[in-house]
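The values are calculated or read from the model by the stated rules, or taken from the named source; none is laboratory data. The model shown is predicted, which means the values in this text are computed figures rather than measured ones. No Cβ is skipped: glycine too gets one built from the backbone with ideal geometry, and neighbour counts run over all protein chains shown. With ligands, DNA and RNA removed, areas are computed over all heavy atoms of the protein, side chains included. Shrake-Rupley method; radii C 1.70, N 1.55, O 1.52, S 1.80 Å.
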Amino acid sequence: MLKNLMIKDFIEELGSSSPAPGGGSVSALSAALASALGSMVFNLTVGKKNYEELSEADKNKIQSSLNETKNGSDEFLKLMEEDTESFMQLMSAFKLPKDTEENKNVRKEKIQQGYKAAIEVPLKVADSAFKIYDYILTASELGNINAVSDAGVAALLTQAAIEGAVLNVKINLSSLKDEAYKAEISKQINKLATEGIQRRDHILNIVESKL
């Protein structure tokens with residue numbers, strides 16, 4: 001499993017001639033790192049003097065965000081694995097026999113199914129990564145000021161995850177014949193990327209004001 005590799009081994013595998021893992025898995029990993037950084041900020045906040053001076057509502061917000069970012073890291077590592085798996089399944093569809101008309105039709109259908117499956121994972125990465133912004137915003141506003149730069153890095157990684165996942169959706173989307181499906185997915189990913197930039201910049205402005 002990719003998540004069990006040493007960092008050096010993962011990077012070597014990533015840089016090899018094997019097409020997977022690729023950009024999709026790296027996008028999921030970026031989101032996992034963003035979640036982990038958010039979690040770190042909250043862990044460095046809870047129990048500190050400034051934390052004790054916060055309202056109960058803000059304390060609950062930090063605790064909730066801490067739980068969500070912890071769970072998020074695990075979710076994105078799972079998606080990192082799933083992205084590679086879906087790509088390999090798509091490649092398997094291309095290897096199906098095409099010696100008869102019936103086999104050709106079966107192969108075409110399996111390939112289309114494979115593309116949709118390969119779209120679902122990065123689409124989930126982009127959608128779930130976008131939701132991380134809620135917690136990173138909390139980290140930038142209420143977190144330990146000595147770790148505010150880490151909240152900024154988390155925001156940068158989150159947008160990288162979103163836009164990287166969007167690119168992986170687009171490249172698979174281009175091979176689909178279902179125009180209605182393509183239009184709907186395109187609308188979703190464009191919204192995630194555009195609004196993500198706005199949220200990233202808002203958080204970075206907060207971070208910069210505290211540096």
Within segment 98-111, how many residues are β-branched (Val, Ile, Thr) and not in a helix (DSSP H, G or I)?
1
Taking segment 98-123 and keeping residues within 30 Å of Asn67 (Cα to Cα) and either surrounded by fewer than 19 Cβ atoms within 10 Å (Cβ to Cβ) or without any contact (Cβ under 8 Å) to a residue 40 or more places away in the chain (or both) leaves Ala117, Glu120
Criterion first (out of contact with any helix residue (DSSP H, G or I) (no Cβ under 6 Å at 6 or more places or on another chain), outside any helix (DSSP H, G or I), of a type outside the set (A, V, I, L, M, F, W, C) and more than 15 Å from Ala139 (Cβ to Cβ)) does Lys177 satisfy it?
yes
Taking the residues in segment 168-190 that are surrounded by fewer than 17 Cβ atoms within 10 Å (Cβ to Cβ) and either aliphatic (A, V, I, L, M) or touching a Leu at 6+ places or on another chain (Cβ under 9 Å) (or both) as candidates, determine which candidate is farthest from Pro122 (Cα to Cα).
Ala180
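Residues checked against (1) closer than 25 Å to Glu75 by Cβ; (2) assigned to a helix (DSSP H, G or I); (3) touching a residue at least 24 places away in the same chain (Cβ under 8 Å):
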site	(1), (2), (3)
Thr158	yes, yes, yes
Ile171	yes, yes, no
Ser186	yes, yes, no
Ile189	yes, yes, yes
Ile197	yes, yes, yes
Arg200	yes, yes, yes
Leu204	yes, yes, yes
Ser209	no, yes, no
Apart from one, (1) in contact with a helix residue (DSSP H, G or I) (Cβ under 6 Å, 6 or more places away or on another chain); (2) open to solvent by less than 30 Å² (accessible area, probe 1.4 Å) all hold for Ser128; the odd one out is (1)
Mind checking which helices (runs of 4 or more DSSP H) fall wholly inside segment 1-97 and carry at least 2 residues that are small (Gly, Ala, Ser) and open to solvent by 60 Å² or more (accessible area, probe 1.4 Å)?
56-94
Report, by residue number, each residue of segment 80-132 that is in contact with a Lys or Arg (Cβ under 7 Å, 6 or more places away or on another chain) and of a type in the set (A, V, I, L, M).
Met80, Ala93, Leu96
Name the residues in segment 191-211 that are basic (Lys, Arg) and within 20 Å of Pro122 (Cβ to Cβ), would you?
Lys191, Arg199, Arg200
What do you reckon, is Gly38 modelled with pLDDT of 85 or more and more than 17 Å from Val153 (Cα to Cα)?
no
Looking at Ala147, Ala165, Ala193, which is the one that is among the small types (Gly, Ala, Ser), at pLDDT 90 or above and either farther than 25 Å from Gly38 by Cβ or open to solvent by 10 Å² or more (accessible area, probe 1.4 Å) (or both)?
Ala193
